[in-house]
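For reference, the structure is listed below as structure tokens.
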Amino acid sequence: IYADPAKRLELYFRPKDPYCHPVCANRFPTSTMLLRVSRRSKKKQQLDPEEQIQPEVQFEMEILGIVTTVYKFQGMSDFQYLAMHSGPDGKQTSMYDKVLMLKPEKEEFFNRDLPLYIPPPIFSRLDTPVDYFYRPDIQHRSGYNNPQVSGENLIGLSRARRPHNAIFVNFDDEEIPTKPLDAAVQNWKKVCTNPMDKKVEEELRKLFEVRPVWSRNAVKANISVHPDKLKVLLPYLAYYMLTGPWRSLWVRFGYDPRKHPEAKIYQVLDFRIRCGMKYGYAATDMPVKAKRSTYNYSLPITVKKQGSHTVSVHDLKQGLGSAGTSGAKKPPSSRYKLKESIYIFREGALPPYRQMFYQLCDLNVESLQKIIHRNDGTESECTERDGWCLAKTSDDLRDSMSLMIKQIIRSTRPALFSNTTSSEDGKEQLAYESGEDEDDEEEEGEDFKPSDGSENEMETEILDYV
């Protein structure tokens, strides 16, 4: 707990009870001293038996150290649920010996008839009192009628979504849009208020002229534009593919990649770094972080505090002030730009995250491009799974990329591969292990959540435009 400044210290009143709900302490910085105080009393000689003499008391103090962090229990205690059962006579009996499995048990242990005991999965969401500000009823204009309550609007969102008027296209749709919605045009005209916005619009138009299909991350790496304005600008110039080999990508209006075999280089590859002991390294050994992890999940009562920024000598050379902010701001031309590694795969470099969405043209490795262009000039059919490429092309690309990443990890952390075989054996083993079905690959990827907004990065982007 001390190593993570965003977590709270938990106190359990019954440590041996797995159903005990803790109270939480918040972390605070302090500058206090830890003292050791000794109290010594020395009795004086009593000459007169009737006279009461107070003993002489001496205090000795020693400073042991400085305390920089304290935890204070400021919240309220929650309800405590005990594994008890009320009998017909009102007598309470304990169920701990019946519900807790302290040792391996036989089948009879699980087939016993027991009263139902299900503790709540979550207790109070807050442990501090909050004021609830009641609001008066909204006074509508005359003639307004409340909508009828139905199953569709009985439980709604906390707020209405801000529509960005994007056009979504499925792989099975026959027609593709040639122009944006009128509302999308109006939205961009309303937002485009300065010359910089007009310049960004022209830059994005040129990008779509050079390449008709782009991912949002690739656009962010080539243009410096505020993310909120990019949400409005993209529906103005392109439509969004939901399914098929170009899913999660933005396509220029009027361009149908299903009719152009040369569009196969713009197809998307969902690549996830394989990890597990059968690959020679576990998830904890990976030098690549996950975008989202269940280990970082915290309960609603958890306090989210920003960790204090320790200023290093390197930071001071770069012009960082005491608050941790950069003294010299980035120029507007690169303020919002992402690094190229966010959408380009290069040999010898690890991806920034464990799950990446690459376009085939952004796989800058000669051996990978040979796999992609194996059927150049002989493309006959565009399928939903493989697009214009040969069948299993995505699997072959993932196998080759996984082998490259394994070699990088082998070079950076040789201790993980102490019992390695020859490189040829490694290739054969990887090819054998990678020949698993789609379900196994899906299970591997479930550990690595690709985005902070959702369990799926594509879904996160879709929700921005719904």
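The values are calculated or read from the model by the stated rules, or taken from the named source; none is laboratory data. This structure is a prediction, so every number in the text was calculated from the model and none was measured. Using ideal geometry, Cβ is built from the backbone for each residue, glycine included, and neighbour counts are taken over all protein chains shown. Keep in mind that these areas ignore ligands, DNA and RNA; they rest on the heavy atoms of the full protein, side chains included. Shrake-Rupley method; radii C 1.70, N 1.55, O 1.52, S 1.80 Å.
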field: Relative compactness, segment 1-133, computed as alpha-carbon Rg over 2.2 N^0.38 Å
entry: 1.87
- request: Report the accessible area of E384, computed with a 1.4 Å probe over the heavy atoms of all protein chains in place, in Å² rounded to the nearest 10.
  value: 90
- prompt: Taking R0 as 51 Å, what's the FRET efficiency between K16 and S41 from their Cβ-Cβ distance, rounded to 0.05?
  reply: 0.80
task: State, to one decimal in nm, how far the label point of E105 lies from the label point of V130, with both points 7 Å from Cα in the Cβ direction.
output: 3.9
message: Not counting ligands, DNA or RNA, and with a 1.4 Å probe, what is R335's accessible surface area in Å² rounded to the nearest 10?
response: 110
statement: The rounded separation in angstrom of the Cα centers of segment 361-405 and segment 12-89 is 67
- prompt: Using a 1.4 angstrom probe and counting only protein chains, how large is the accessible area of T178 in Å², to 10?
  reply: 100
query: How big is the C-alpha Rg of segment 17-88 next to the rule-of-thumb value 2.2 N^0.38 Å, as a ratio?
result: 2.21
Label point distance in nm, F73-S380, each placed 7 Å from Cα along Cα→Cβ: 7.5
task: Multiply the residue gap between L34 and H373 by 0.36 nm, knock off their C-alpha separation, and tell me the result in nm, one decimal place.
output: 115.0 nm
field: Long-range Cα-Cα pairs in segment 160-265 (distance over 20 Å), rounded percent
entry: 36
- request: Report the extension gain between D113 and H226 in nm, rounded to one decimal, defined as 0.36 nm multiplied by the number of residues separating them, less their alpha carbon distance.
  value: 34.5 nm
message: If you average the alpha carbon positions of segment 164-214 and of segment 247-268, how far apart do those two centres end up, in angstrom?
response: 15
- prompt: Are there chymotrypsin sites (Phe, Trp or Tyr not before Pro) in segment 74-114 that DSSP puts in a loop and that have at most 16 other Cβ atoms within 10 Å, and which ones?
  reply: F79, Y81
